[in-house]
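The values are calculated or read from the model by the stated rules, or taken from the named source; none is laboratory data. This structure is a prediction, so every number in the text was calculated from the model and none was measured. Heads up, the Cβs are rebuilt from the backbone with ideal geometry, glycines too, and the neighbour counts pull from every protein chain shown.
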Amino acid sequence: MPKCNVITLAPMMKLIKYARTIALASVLTMIGAAQAQPVKVVATFTILADLTRQVGGEMVDVSTLVGPDGDAHHFNPAPPDARRLAAADMVVVNGLGFEGWIDRLIASSGFRGTKVLATTGIKPRETGRSRDPHAWNSVPNARIYARNISAALVAARPAQSAFLEERLATFDRRMVELDALVRTEMNVVPAAQRKVITSHDSLGYFGAEYGVQFLPVSGLSTAAEPGAAALTRLIRQIKQQDVRALFVENITDRRLIEQIARDTGATVGGRLYTDALSAAGGSADTYENMIRHNTRLIAAALRE
């Protein structure tokens, strides 16, 4: 009888071992499939969306809350935004007070993924009692944004780390070249001539990085309208210092800038992209194209 029991149990043990092998293989297959799936990312605005696509490539499926030419300062999330966020694996935010609505949206949506703060490690520019959130307008800062986003993607898809690290390295090399181009263009203009009027205080990081003095009509947010006294002082300063570079921004109403141009005799030098990219196919439809476009316009106006 004992001998017979051994003969009976052996095939059963083989079947159990085989079943365990199949189950383990299935689990590994599912894990591998999950690792190969793109990370569903919601970016708060277009500049972050583009940086995420640049470093993520085919490993990301990116959508944005505030679209091309959109003003994140005035954005009001709608129910579809909450549903999109709830279905995402990751949300990329700027922080520094730029998206005052994002924490409420995350809470109301039931989002349970990873929140990536793109400005981690960046020293904020202080303006009075406020921190300037527009840090992406300095190319060295954009390199930090890209590293932060890439690190989050690697953590989400460790099996794809080599691919993601190569994407980051390629993007970073382009940013080094872009930074050098901006410095070259700005350095052609004498320092005393590098004064520019913009609709709101969005290019302070660009100015600090590349030696340009920006004189904004309004504050850090497009919601802040200048008072009559402040506007009078600005017009007086423009005339006294012979400031000739005057620009509208893609997210702001151009009427105030046009009024200043009439009052000072200055010429509006074109449209800068500061807080949002253009639509696809436009002159500023990627972060790199945006910086090139802005640099070209500013340098041309300052040289006149």
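Please work out if Arg84 is more than 20 Å from Phe111 (Cα to Cα), touching a strand residue (DSSP E or B) at 6+ places or on another chain (Cβ under 8 Å) and part of a helix (DSSP H, G or I). No: the conditions fail for Arg84. Selection over segment 168-214 of residues that are under 18 Å from the mean Cα position of the chain (by Cα), closer than 27 Å to Ala230 by Cβ and among the hydrophobic types (A, V, I, L, M, F, W, C) gives a count of 2.
Residues are listed down the side, and each one gets a yes or a no for (1) modelled with pLDDT of 95 or more; (2) closer than 26 Å to Arg167 by Cβ; (3) assigned by TED's automatic domain parsing to the domain that holds Leu168:
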| site | (1), (2), (3) |
| --- | --- |
| Leu48 | yes, yes, yes |
| Gln54 | yes, yes, yes |
| Asp71 | no, no, yes |
| Pro79 | yes, no, yes |
| Arg84 | yes, yes, yes |
| Ala88 | yes, yes, yes |
| Gly113 | yes, yes, yes |
| Ala118 | yes, yes, yes |
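Summed over segment 213-264, residues that are of a type outside the set (A, V, I, L, M, F, W, C), touching a strand residue (DSSP E or B) at 6+ places or on another chain (Cβ under 6 Å) and modelled with pLDDT of 80 or more total 4. Scanning segment 168-175 for residues that are among the aromatic types (Phe, Trp, Tyr) and farther than 18 Å from Thr119 by Cβ turns up nothing.
Taking the conditions exactly as written (under 17 Å from Leu203 (Cα atoms), touching a residue at least 12 places away in the same chain (Cβ under 8 Å) and either in contact with an Asp or Glu (Cβ under 7 Å, 6 or more places away or on another chain) or among the acidic types (Asp, Glu) (or both)), does Arg125 satisfy them or not? Yes; evaluated as a whole, the condition is true for this residue. In segment 257-277, the residue that is farthest from Val212 (Cα to Cα) out of those that are touching a helix residue (DSSP H, G or I) at 6+ places or on another chain (Cβ under 8 Å) and either among the hydroxyl-bearing types (Ser, Thr, Tyr) or assigned to a helix (DSSP H, G or I) (or both) is Asp263.
Looking only at segment 123-159, residues that are surrounded by 15 or more Cβ atoms within 10 Å (Cβ to Cβ) and either among the aromatic types (Phe, Trp, Tyr) or touching a Leu at 6+ places or on another chain (Cβ under 8 Å) (or both) come to 20 in all. Put simply, of Ser150, Ser108, Ser161 the only residue that is without any contact (Cβ under 8 Å) to a residue 24 or more places away in the chain, part of a helix (DSSP H, G or I) and either in the same structural domain as Val93 (by TED's automatic domain parsing) or among the hydroxyl-bearing types (Ser, Thr, Tyr) (or both) is Ser161.
Per this entry, Val243 is not counted among residues that are surrounded by 13 or more Cβ atoms within 10 Å (Cβ to Cβ) and in contact with a helix residue (DSSP H, G or I) (Cβ under 7 Å, 6 or more places away or on another chain). Residues in segment 279-304 that are of a type outside the set (Val, Ile, Thr), part of a loop (DSSP other than H, G, I, E, B) and touching a Lys or Arg at 6+ places or on another chain (Cβ under 9 Å) were compared, and the one that is farthest from Asp50 (Cα to Cα) is Glu304. Quick one: count up the residues across segment 240-273 that are closer than 15 Å to Arg194 by Cα and not small (Gly, Ala, Ser). Total satisfying the criteria: 7.
Condition (residue is part of a strand (DSSP E or B) and not charged (D, E, K, R)) applied to segment 200-208: is it met by at least one residue? Yes; the residues of segment 200-208 include at least one that is part of a strand (DSSP E or B) and not charged (D, E, K, R). Checked against the criteria, Glu304 does not count as among the acidic types (Asp, Glu) and closer than 23 Å to Asp172 by Cα.
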